[in-house]
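What follows is a set of notes on a single structure, which appears directly below.
The values are calculated or read from the model by the stated rules, or taken from the named source; none is laboratory data. Worth saying up front: this structure is predicted, and the values here are computed from it rather than measured. Heads up, the Cβs are rebuilt from the backbone with ideal geometry, glycines too, and the neighbour counts pull from every protein chain shown. Areas reflect the complete protein model, heavy atoms only, side chains present, ligands, DNA and RNA absent. Shrake-Rupley method; radii C 1.70, N 1.55, O 1.52, S 1.80 Å.
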Amino acid sequence: MNGSNVDVDWESARDANQENWEDRVPLHENAYGLDAFDEPEHLSDVVRDDLAAMSAFLPSGGLSGLDLCHLQCHIGTDTVSLARAGANVTGVDFSPSALRAARELATRLGVEATWVETDVLDARVAVSGDFDVVYTSIGTITWLNDLDRWAAQIVALLRPGGTFFIRDGHPVLYALDEATPGLVTRYPYFATGHAQQWDDDSTYAGSGRVAHARTYEWPHPLSEILGALLRAGLRLVHFDEGRTLPWRFSDRMVEVPGGYAWPEDERNLVPCTYTIIARRD
C-alpha cells in the first residue's frame, strides 16, 4: 500500500529513488516551461518567492556577487534563476540526467554555473570551495534518511557568516491523506525509523509516466529539521509557514496566484510550507 512503513537500507532506497528521478528528467524538461527562460529577466516562481523571503537576511539585501550552492538542484531552473538574481552558482544533484539537462539549459541561456554530481549527504567531499549561501527548496529532505548528516554538509559548505535557506513542504501537510474529501491525517508526522514506500508512476509535473515507479521517503517533523540544524551549529534567524504550494498536492487544491492552496474555508487550518533561514556564526 502506498505510504506503508518499510525497512529498507539507505543504499537500496537511494538507488530506487535515483532511477525514479532519472525517469522524471525528460518529463520535466517538457513540463517545466523551459522556453520561458529565453526571456532574460525570467525567474522561476519558486525562486521569486524565495528571494522575497531571503533577501532581507543577506548582507547586501540580495544575491549579487555571492557564492551560492544549490543542493538537490534537479534540472537547474531554480539554479539558473538564482544566477540571474546575481549569485555565482553551484548546482548539486545525484541524477546525471538532471545535471545534463541543467548544463544544457544554462549553456543555451549563457548562464555560468558549476554542476556537481553527488548525493547531498556527501556534498562537502564532492563540492569544491565554500559559500556565502547554501540553498534548497521544495521537495527535498523527505528523500533523505539522516538529517544530522545533511545538516553537517550544510555547515561544512558555508563560510563563517554564511546563510542557509530552505523552503519545503510542511511535514503536517505530508501527514494528510491527499485523496480524502476533507483534511484527514493518514501518514506519520513523526519519524518512525522506517521509510515510506510509494509505488506511483506519475510525477508532480506533466502527464507522462515513469518506468521506475517505486520510491522511498522519510517523514521528518519540524522538531527534527530544526534540531538537526541547531545541533550542527547553525543559528536560527527566521522561521515562517505558508498557505500555498508550487505544486498541487491534492486534487482538492485550487489554483491561486503563485501556486495552489486548499479551498478557502480550509486555508487557515493546515500549513503547506515552512521556511527556515539560519546562519553560520
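Looking at the stretch 241-257 only, could you name the residues that are assigned to a strand (DSSP E or B) and open to solvent by 50 Å² or more (accessible area, probe 1.4 Å)? Outline the logic, then answer.
From the stretch 241-257, those assigned to a strand (DSSP E or B) are 241-242, 245, 254-256; that's our starting set.
Answer for the stretch 241-257, where residues must be assigned to a strand (DSSP E or B) and open to solvent by 50 Å² or more (accessible area, probe 1.4 Å): E241, V254, E255.
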Please work out which one of (1) touching a Gly at 6+ places or on another chain (Cβ under 6 Å); (2) open to solvent by 10 Å² or more (accessible area, probe 1.4 Å); (3) not β-branched (V, I, T) is the condition H74 fails and give its number.
(1)
Number of the exception - G91 against (1) over 15 Å from the mean Cα position of the chain (by Cα); (2) open to solvent by less than 40 Å² (accessible area, probe 1.4 Å):
(1)
With respect to G242, determine if the residue is on the phi > 0 side of the Ramachandran plot and either among the small types (G, A, S) or out of contact with any Phe, Trp or Tyr (no Cβ under 9 Å at 6 or more places or on another chain) (or both).
no
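Can you pull out every residue in the stretch 85-125 that is among the acidic types (D, E) and in contact with a helix residue (DSSP H, G or I) (Cβ under 8 Å, 6 or more places away or on another chain)?
Start the filter on the stretch 85-125 by keeping residues that are among the acidic types (D, E), which leaves 93, 104, 112, 117, 119, 122.
Residues satisfying the conditions are D93, E112, E117, D119, D122.
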State whether the residues of the stretch 258-281 include one that is modelled with pLDDT under 95, open to solvent by 50 Å² or more (accessible area, probe 1.4 Å) and either assigned to a loop (DSSP other than H, G, I, E, B) or among the acidic types (D, E) (or both).
no
Might you let me know whether the stretch 214-221 holds any residue that is open to solvent by 70 Å² or more (accessible area, probe 1.4 Å) and assigned to a loop (DSSP other than H, G, I, E, B)?
no
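Would you check which residues across the stretch 126-148 are part of a helix (DSSP H, G or I), open to solvent by 10 Å² or more (accessible area, probe 1.4 Å) and touching a helix residue (DSSP H, G or I) at 6+ places or on another chain (Cβ under 9 Å) and list them? Outline the logic, then answer.
Pass one, the stretch 126-148, residues part of a helix (DSSP H, G or I): 126, 141-143, 147-148.
Then drop every residue that is not open to solvent by 10 Å² or more (accessible area, probe 1.4 Å), which leaves 126, 142-143, 148.
Those that are part of a helix (DSSP H, G or I), open to solvent by 10 Å² or more (accessible area, probe 1.4 Å) and touching a helix residue (DSSP H, G or I) at 6+ places or on another chain (Cβ under 9 Å): T142, W143, D148.
Yes or no, residue by residue, for (1) over 16 Å from V270 (Cα atoms); (2) open to solvent by 10 Å² or more (accessible area, probe 1.4 Å); (3) in contact (Cβ under 8 Å) with a residue 60 or more places away in the chain:
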| site | (1), (2), (3) |
| --- | --- |
| A152 | yes, yes, yes |
| A156 | yes, yes, no |
| I166 | yes, no, yes |
| P188 | no, yes, yes |
| H194 | yes, yes, yes |
| G206 | yes, yes, yes |
Which one is nearest to E11 (Cα to Cα), of the residues in the stretch 94-114 that are without any contact (Cβ under 8 Å) to a residue 40 or more places away in the chain and open to solvent by less than 50 Å² (accessible area, probe 1.4 Å)?
L99
Within the stretch 14-60, take every residue that is aliphatic (A, V, I, L, M) and exposed (fewer than 13 other Cβ atoms within 10 Å of the Cβ) and give me the one that is farthest from Y274 (Cα to Cα).
A36
Report yes if A13 is in contact (Cβ under 8 Å) with a residue 40 or more places away in the chain, farther than 25 Å from N145 by Cβ and not charged (D, E, K, R), otherwise no.
no
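Residues that are touching a strand residue (DSSP E or B) at 6+ places or on another chain (Cβ under 7 Å) and over 29 Å from H194 (Cβ atoms), at least 3 per element: which helices (runs of 4 or more DSSP H) completely within the stretch 1-99 meet that?
Numbers: elements: 10-31, 45-54, 77-84.
Hits in the stretch 1-99: 45-54, 77-84.
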Does at least one position in the stretch 190-198 carry a residue that is over 29 Å from Y32 (Cβ atoms) and touching a His at 6+ places or on another chain (Cβ under 7 Å)?
yes
